Amino acid sequence: MNIIVRANNLEITPALRDYLDKRLESLSKLVHSGHNDNIETRVELGRVSSHHRKGEVYFAEINLRLGKNLLRAHQESISIYSAIDEAKDELRTELLKFKGKRETILRRGARSVGKLFRISPLARFRRKGRIKDNYL
């Protein structure tokens, strides 16, 4: 999984980068694909603006691209670490929802193929031998 980190009004320290890598590592377990090179994660961390002194000042935005699909999470919080945690949790729910939709589509397709091969309830099976009069 390729992780691209961008900062806005904030300096990325090695401790912050390690914290981010640990949090995103748990998401990479959910995204198991044969081609991990196609998975791109863009993370933007920063302050909402430089003049804020209290309140939700920091934000974390995570964009996860899985081929053609884009999953996105954006959270604002008091500290940068809690913003990363909340964004990771939001992205995890998006990812689980996406995987559930994929599995549902596959099951639905398999169910429709199974219906095509079933025998119709209107089909009659003849017994060997003579047909008795009470069946007519």
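Every number in this text was worked out from the coordinates using simple rules, so none of it is lab data. In this text the structure is predicted, and so the values were computed from the model without any measurement. Here Cβ is always computed from backbone atoms with ideal geometry, including for glycine, and neighbour counts include all displayed protein chains.
The Asn8 and Arg92 beta-carbon pair, evaluated with R₀ = 30 Å, returns a calculated FRET efficiency of approximately 0.80. Evaluating kT/(6 pi eta Rh) at 25 °C and 0.890 mPa s, with the Kirkwood radius of segment 42-94 over Cα pairs in the Stokes-Einstein relation, gives 216 µm² s⁻¹.
Here Tyr58, Tyr19 are placed in order of increasing Cβ neighbour count within 10 Å, fewest first, which gives Tyr19, Tyr58. Counting other Cβ atoms within 10 Å as a rough exposure proxy, the listed residues Phe117, Phe98 run Phe117, Phe98 from fewest neighbours to most. For Lys88, the aspartates and glutamates whose Cα comes closer than 13 Å to its Cα, not counting residues fewer than 8 places off in the same chain, are Asp21, Glu25, Glu44, Glu61, Glu76. Modelled spin labels at Val31 and Lys54, positioned 7 Å past Cα toward Cβ, are 3.9 nm from each other.
How would you rank Leu27, Leu116, going from fewest to most other Cβ atoms within 10 Å of each one's own Cβ?
Fewest-to-most Cβ neighbours within 10 Å comes out as Leu116, Leu27.
I'd like the FRET efficiency for Ala15 and Arg108, computed as 1/(1 + (r/R0)^6) with the beta carbon distance as r and R0 of 41 Å, rounded to 0.05. Walk me through the intermediate numbers first.
Working: r = 47 Å, r/R0 = 1.14.
E between Ala15 and Arg108, to the nearest 0.05, is 0.30.
Given 20 °C and 1.002 mPa s, how large is the Stokes-Einstein diffusion coefficient of segment 2-116 in µm²/s, with Rh as the Kirkwood radius over Cα pairs? Before the final figure, lay out each step's value.
Working: Rh = 15.6 Å.
It comes out at roughly 137 µm²/s.
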